[in-house]
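K.L.:
The structure follows.
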Amino acid sequence: MVKKIIVVDPEIGFRKLISSSLEGRGHNVIQLNNTLECERDFLENPDVKTDLLIMGLPLPGGSGEVFRWIESLRHKGNNVPIIYVAENKDELEEARTRLAQLDISMFSAKPVIPFIFGAQIECQFSEDANGGATSADLQKQKLKDFEAMFLALVSKYARVLPEKLSDIKKTLDKAKENLSDTAALDDIKSQSHKIKGTGGSLGFAKVAEHMAFIELRAQEIVLLEMEARQKAIGEIEERLKVALEEGKTETEEVLAALHSLNQEVGIDARPQAMARIMIIDADKDFLKIVEALGQESLVEIISASNQKEALANAAVYPLDAALISLSSSMSESGFEIAKQLRSLPEYDNLPLAFVSDEGLVKDRVEAAHAGASLYLDKPFKSDSLEKAVQHLVAIRQGGRARVLITDDDEFFANTIGVVLRNEGIIVKTLNDPSKILETMQEFPPDLLLLDVMMPGITGFEVCRMLRQTPRWGDLPIIFLTGQTGVEARLEAFRSGGDDYLPKPVVNEELLTRVKVRLDRSRMLKERSDKDTITGLLLRRAFSEQLNAILAESERINQPFSLCLLDVDHFKKVNDTYGHLAGDKVLAGFGQLLLRRFRVDDLRGRWGGEEFVLAFRRERKEVIHKAIERVLEEFREIEFTGDEGQIFHCSFSGGLVTFPEDGSTIFELLQKADQRLYVAKKAGRNRIIFQSNDNDLEEDLEKLSAH
């Protein structure tokens, strides 16, 4: 929700820095110089609601005057949330006691890191909106985890930045010895370009500004005569001296700020987890074992001991999958928890696995009905967990988006990766653009973030190459570039790019642009592949994926099952209760099918009231029972006619398995259709899955005789 935020600080640089971060998150920010403007124009105006007030120093009268002003504000009954930003760490320490007495929501000290500061403010709003301690605590923990990752990158970069600046000095000395050495000038341009983009994105604003100047001059030098070239080299040298000094100061300030935050956020440079899995089990000892296995396998484990915790966690942490215990010690049924999870927004395709120490046949059937892609037995080892996670993540469809970041600057790619991962996006970074096709084959992205200036090949050339490949013709591509001139922007679009972002990157703007492109791409794909009434795959899209299942089954010598379903007496439903009621039946049936079975199973609308399902690696004897459970659920759903009548529906089905019922898609569909016909003639409201052709022929003959 958009909030109105007032930033009061006499330093225009600080106001702009904070405002850009908050505006990037969609908030309305008003910048003011002093408390007089704030009180006169906003706080005393009853028609203007202020959601948050950020007070920065130095203000006229110092901190004492500010405290008296806040005290006066509270006495007047104005309880606007206030964030206090001290001029430095020492002043903040001195003011802590007084701040606690003034009901200050949050306090910090300059210099602040804009993205972290904005995230902390967002957390304050989230806590107010949720009103529940559980959700607020989870949001804070999520922010804390993100801060730890982001600040670890800032800390690491602060320590290597002086060395990077020294490397430019060495290259500059080499260029001075031979003014015609264009290779050295290209190196200066490349080195300064990287520091400008990465340093600026991580909060080293002054250094980034100097690097922008050096990059531009290094690019212009090759066009100059020797005498002018000598002068330009001198300008770069002078600017580099200033950058080295200011870089040292800026680095010390950032490291000092990080040191003050270190005890609160626990800076940790652990490697990124390959996936985030929620484990739901009442056994605390088992949860600890799984968490330890998760660390070994680079899997982030989110623990929950009951349904309430599981749903709260799922609302905060974007999940790749869930492992649910079927232990008798659980206060709720694991299958009920699974249904609740899959009913949450954007989790209808959440991969599920059930964990049991009994392995009952009835549980396995129930698990298939609830949508289990895996059924694991306790106890399991680290390699079992890792294989299970890899399988579950591989089948994650329609959920978390996948973004590939291609940039030769490892620091910059990792920085962007941390920001995107915190929003639940699956990220892979690539520093060698020559391997992009190979990487995209293994990690097919939903969006590509592409640097322009890279060694050997430019981002523009990479984009043209991808646009000539049919598979990647529609892939959203956003350029990340320090070149912001008109020609560079035109070239970005001419080469086939969808958007571009200037370096240094404002993280909030990056998130907004990425999300917009992902949402638009997903919407277009769904429009072309999915039925608007049921939400299931259309016949063409289903057939394409069914052919892939057949090819996979032939390759690995595994069965798969196919089922044709037909809503019983659907014409009568339309004639009796109206066509709108008929659409409700189709929509309800489609949603039920989406919530049941596994994520990697296919669900499609074959046409009219006919539906089709496909189940990887499963035989009809097992799937038959799971479909019958869905039939029971469907019969219990109440539908309302156009004139308010209440009615119920059922469906019939024909079920087959590859390869025993057919070796081609045509043969399987033909056999499934014959069994569907048998089900209808036998009275509907049933699933037929005869084992051989003789049984089917006998049934058809008997029905024909009647």
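What follows draws every value from the coordinates through simple rules; no lab data is involved. Because the structure is predicted, anything quoted here is derived from the model rather than measured. Neighbour counts run over all protein chains shown; Cβ positions are idealised from the backbone, glycine included.
K.L.:
Using the Karplus equation 6.51 cos²θ - 1.76 cosθ + 1.60 (θ = phi - 60°), what ³J(HN,Hα) coupling, rounded to whole Hz, does each residue of the stretch 241-252 give in order, writing x for Gly and Pro?
P.N.:
Running phi through 6.51 cos²θ - 1.76 cosθ + 1.60 with θ = phi - 60° gives 4, 5, 5, 5, 5, 5, x, 5, 5, 5, 5, 4 Hz.
K.L.:
Arg74 versus Asn28, label points 7 Å from Cα toward the beta carbon: distance in nm?
P.N.:
2.8 nm
K.L.:
Suppose R0 equals 41 Å; then what is the FRET efficiency for Lys89 and Glu37 from their Cβ-Cβ distance, rounded to the nearest 0.05?
P.N.:
Once rounded, the FRET efficiency stands at 0.90.
K.L.:
Oh, and also: Want the number for Phe639 to Lys174: 0.36 nm per residue separation, take away the alpha-carbon distance, what's left?
P.N.:
Roughly 159.4 nm would be gained on extension.
K.L.:
Calculate one ³J(HN,Hα) per residue across the stretch 648-665 by plugging θ = phi - 60° into the Karplus curve 6.51 cos²θ - 1.76 cosθ + 1.60, and present them in order as whole Hz with x for glycine and proline.
P.N.:
In residue order, the calculated couplings are 10, 9, 9, 8, 10, x, x, 10, 9, 10, 7, x, 5, 9, x, 9, 10, 4 Hz.
K.L.:
Could you tell me how far the Cα centroid of the stretch 500-555 sits from the Cα centroid of the stretch 600-615, in Å?
P.N.:
Answer, in whole Å: 19.
K.L.:
What distance in nm separates the simple spin-label points at Lys156 and Ile12, each placed 7 Å from Cα in the Cβ direction?
P.N.:
3.8 nm
K.L.:
Which net charge results for the neighbourhood of Arg555, defined as the other residues with beta-carbon distances under 15 angstrom from its beta-carbon, given Lys and Arg at +1 and Asp and Glu at -1?
P.N.:
Once positives and negatives cancel, what remains is 0.
K.L.:
When Lys and Arg each count +1 and Asp and Glu each count -1, what net charge do the other residues less than 13 Å away from Glu11, Cβ to Cβ, add up to?
P.N.:
Surrounding charge for Glu11 is +1.
K.L.:
Taking the highest mean first, how do the peptides 528-536, 312-320 order by number of other beta carbon atoms within 10 angstrom per residue?
P.N.:
Highest-to-lowest ranking by the protection proxy: 312-320, 528-536.
K.L.:
A further question follows. Quick one: net charge of Gln219's neighbours, Cβ under 10 Å, K/R +1, D/E -1?
P.N.:
-1
K.L.:
Now a separate question. For Gln468 and Ala682 in the same chain, what is the full-extension length gain: residue separation times 0.36 nm, less their Cα-Cα distance, in nm?
P.N.:
71.6 nm
K.L.:
Around Ala109, which amide H atoms from residues at least 5 apart in sequence, or from another chain, sit under 5 Å from its own amide H, with H modelled in the peptide plane?
P.N.:
Amide H neighbours of Ala109, under 5 Å, 5+ apart: Ala86.
K.L.:
Stretch Phe666-Arg96 to full length: gain in nm at 0.36 nm per residue minus the Cα-Cα span?
P.N.:
Here the segment from Phe666 to Arg96 would lengthen by 197.7 nm.
K.L.:
Go through 596-607, 152-163 and give me the packing order, highest mean Cβ count within 10 Å leading.
P.N.:
Descending packing order for the listed peptides: 596-607, 152-163.
K.L.:
Residue by residue, what Karplus-based ³J(HN,Hα) values in Hz, rounded to whole numbers, does the stretch 220-231 have, using 6.51, -1.76 and 1.60 with θ = phi - 60° and x for Gly and Pro?
P.N.:
7, 4, 4, 8, 9, 6, 4, 5, 5, 5, 4, 5
K.L.:
Ok, one more. From Cα coordinates alone, what are the radius of gyration and Dmax values for the stretch 149-265 in angstrom?
P.N.:
When restricted to the Cα atoms of the stretch 149-265, Rg and Dmax are 15.5, 56 Å.
K.L.:
Using a Förster radius of 51 Å, what is the FRET efficiency between Glu252 and Arg527 based on their Cβ-Cβ separation? Nearest 0.05, please.
P.N.:
The calculated FRET efficiency here is 0.40.
K.L.:
Then there's this: With the contact rule set at Cα under 8 Å and sequence spacing of 6 or more, what percent relative contact order holds for the stretch 539-705?
P.N.:
Reported as a whole number, the value is 27 percent.
K.L.:
Using 1/(1 + (r/R0)^6) with R0 = 35 angstrom and r between the beta carbons of Glu442 and Glu621, what's the FRET efficiency to the nearest 0.05?
P.N.:
About 0.50, to the nearest 0.05.
K.L.:
Could I ask something else about it? Over 28 Å between Cα atoms, which of Lys174/Lys435; Lys169/Lys515; Lys530/Lys584; Lys110/Lys196 qualify?
P.N.:
Listed pairs above 28 Å: Lys174/Lys435; Lys169/Lys515.
K.L.:
Please figure out what share of the DSSP beta bridges in the stretch 539-705 is antiparallel and state it in percent, rounded to the nearest 5.
P.N.:
Bridges in the stretch 539-705 are about 90 percent antiparallel.
K.L.:
Label Glu544 and Leu216 with points 7 Å out from Cα along Cα→Cβ: what is the distance between them in nm?
P.N.:
4.6 nm
K.L.:
If packing is taken as the mean number of other Cβ atoms within 10 Å per residue, what is the order of 562-575, 641-654, highest first?
P.N.:
Taking the mean over residues of other Cβ atoms within 10 Å, the ranking is 562-575, 641-654.
K.L.:
Treating only the Cβ atoms of Lys and Arg (+1) and Asp and Glu (-1) as charged, compute the dipole magnitude of the stretch 149-265 about its Cα centre; round to the nearest 20 debye.
P.N.:
Value, rounded to 20: 220 debye.
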